[in-house]
1. Would you confirm whether any residue within segment 47-63 is buried (at least 20 other Cβ atoms within 10 Å of the Cβ) and more than 27 Å from Glu198 (Cα to Cα)?
2. Restricting attention to segment 19-51, which residues are without any contact (Cβ under 8 Å) to a residue 24 or more places away in the chain and not in a loop (DSSP other than H, G, I, E, B)?
3. Do we find that Gly155 is under 18 Å from the mean Cα position of the chain (by Cα) and within 25 Å of Asp300 (Cα to Cα) in this structure?
4. Would you be able to say whether some residue in segment 173-181 is among the β-branched types (Val, Ile, Thr), touching a Ser or Thr at 6+ places or on another chain (Cβ under 6 Å) and either closer than 26 Å to Leu83 by Cβ or modelled with pLDDT under 95 (or both)?
5. Can you tell which of Asp93, Asp79 is farther than 17 Å from Ile202 by Cα and either at pLDDT below 95 or not hydroxyl-bearing (Ser, Thr, Tyr) (or both)?
6. Residues that are touching a residue at least 60 places away in the same chain (Cβ under 8 Å) and surrounded by fewer than 18 Cβ atoms within 10 Å (Cβ to Cβ): which helices (runs of 4 or more DSSP H) entirely in segment 131-229 hold 1 or more of them?
7. Might you let me know whether segment 53-61 holds any residue that is within 20 Å of Val203 (Cα to Cα) and in contact with a Lys or Arg (Cβ under 8 Å, 6 or more places away or on another chain)?
Amino acid sequence: MRVSIVIPNYNGEKELFKNLPQVFAMAKGAETIVVDDASVDGSVKMLRKYFPQVTVIQRDKNEGFASTVNDGVKHATGDLILLLNHDVIPSVDLLNHLTYHFNDPKIFAVGCLEESKEGTKIVFRGRGVGKFKMGFLSHSRGEVNKNNTLWVTGGAAMFNKKLWQRLGGMDTIYNPFYWEDIDLSYRAQKAGYKIVFEPKGIVVHEHEQGAIRKLYSEEKIKTIAYKNQILFVWLNITDMSYLMKHFAYLSYHLIKAIISADLSFIKGFLLAITLFPKVIIHRWRNAKLSHKSDKEILADYLA
């Protein structure tokens, strides 16, 4: 099976220049695509000057992670898609540990073990667990000694392109960032496909260099995260008991946010409300592909 490597980028000139040689060492001639989400630094110029072997897709308007990744996958010619953030450094043998999983045609995605550099610490990430709590999907980092995972991160994972297209790719309703990879992983499982975590597939993730922390305030990041956490439920949850709990707790969370002046939650909720007509359309699309209940899925990934 042929592999295409897709790297979304926004103002990651320095990180790309440093990390791409390691990507090529790992890639063994695989197609490499960088999708530039309307950067204002010298990313595109640098790529065309120093890395002519890279296919560069230059977007005219900055829209966010899901849109950028979808563009890259659309142009990719491989059967398998390896998504890597521009601040991720793959191990040389990464492909060997990921590709064999796709001998199973039901495998949609394989997640990598991230050695995440966070301040002075290295945190091992890549496996996710979660449960439905107080009206929302509450997710967290799982221990990396197991192979099951609730989602694979869009910054370091491999996907079956045929199944990606069948599922419609990442949902751009989550733009500019957060929850789009959890949403896609969840939809894949509801459709009857499988995702796994591969602890031998190692990447280094230098989070402090990421575009989100460079460009957005903490309040803005929280607002977007709240908006997308709400949207996830509206788009995907179909078990009636979970939905009833969601709407009951939503009132509680709103009252609590008003009392505590948590403007991020209030703004996030209002942003979600403005997207409700689009939510109805996307929810209907998701439901058509759904074969498993929410309780069936979450039973395997209790935090």
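1. Of the residues in segment 47-63, the ones buried (at least 20 other Cβ atoms within 10 Å of the Cβ) are 47.
Now drop any that are not more than 27 Å from Glu198 (Cα to Cα), which leaves 47.
Yes, segment 47-63 has at least one match.
2. Residues of segment 19-51 without any contact (Cβ under 8 Å) to a residue 24 or more places away in the chain: 21, 29, 44-45, 48-49.
Listed by number, the residues that qualify are Pro21, Val44, Lys45, Arg48, Lys49.
3. On the way: under 18 Å from the mean Cα position of the chain (by Cα): yes; within 25 Å of Asp300 (Cα to Cα): yes.
Yes, satisfied.
4. Kept after step one, since they are among the β-branched types (Val, Ile, Thr), are these residues of segment 173-181: 173.
Those left that are additionally touching a Ser or Thr at 6+ places or on another chain (Cβ under 6 Å): none.
The answer is no; no qualifying residue exists.
5. Details: Asp93 fails: farther than 17 Å from Ile202 by Cα.
The unique qualifying residue is Asp79.
6. Numbers: elements: 161-167, 180-190, 211-215.
Here the list reads 161-167, 211-215.
7. Of all residues in segment 53-61, those within 20 Å of Val203 (Cα to Cα) come to none.
No, segment 53-61 has no match at all.
The values are calculated or read from the model by the stated rules, or taken from the named source; none is laboratory data. Model, not experiment: these values are computed from the prediction. Don't worry about glycine lacking a Cβ; one is built from the backbone with ideal geometry, like all the others, and counts go over all protein chains shown.
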